[in-house]
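To keep things clear, I will list the structure first and then write my remarks on it.
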Amino acid sequence: MGIRVNFDKCSGCGLCEEYCPMDCIRIDESGKPYFKYDHCWYCGACETECPSDACKITIPYLIR
């Protein structure tokens, strides 16, 4: 999918969950994020707000 999380960098701070305007990120029991991709608009909020630079959005096709 278009959102990748580097779990080695992820601190589990929860900012991606807090700032997601579509409410499609949750933090699991281990403190790491998981995504509900079918609701994601790939807006970039998780990537922008991540202090450890763990979230990356890569969209393999052009969205118009």
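Residues in segment 10-21 that are exposed (fewer than 13 other Cβ atoms within 10 Å of the Cβ) and either closer than 21 Å to Ile59 by Cβ or in contact with a Leu (Cβ under 7 Å, 6 or more places away or on another chain) (or both): Pro21 alone. Taken over segment 1-34, the criterion of being under 10 Å from the mean Cα position of the chain (by Cα) and modelled with pLDDT under 85 is satisfied by Gly2, Ile3.
Pairing each residue of segment 26-42 that is open to solvent by 50 Å² or more (accessible area, probe 1.4 Å) with any residue that is among the basic types (Lys, Arg) and at pLDDT 85 or above, provided the two are 6+ apart or on different chains, yields C-beta distances under 9 Å for Tyr34/Arg26; Lys36/Arg26.
The values are calculated or read from the model by the stated rules, or taken from the named source; none is laboratory data. These numbers were taken from a predicted model, which means no experiment stands behind them. All Cβ positions, glycine included, derive from the backbone under ideal geometry; neighbour counts span all protein chains shown. Accessible surface areas use protein heavy atoms only, side chains included; no ligands, DNA or RNA. Shrake-Rupley method; radii C 1.70, N 1.55, O 1.52, S 1.80 Å.
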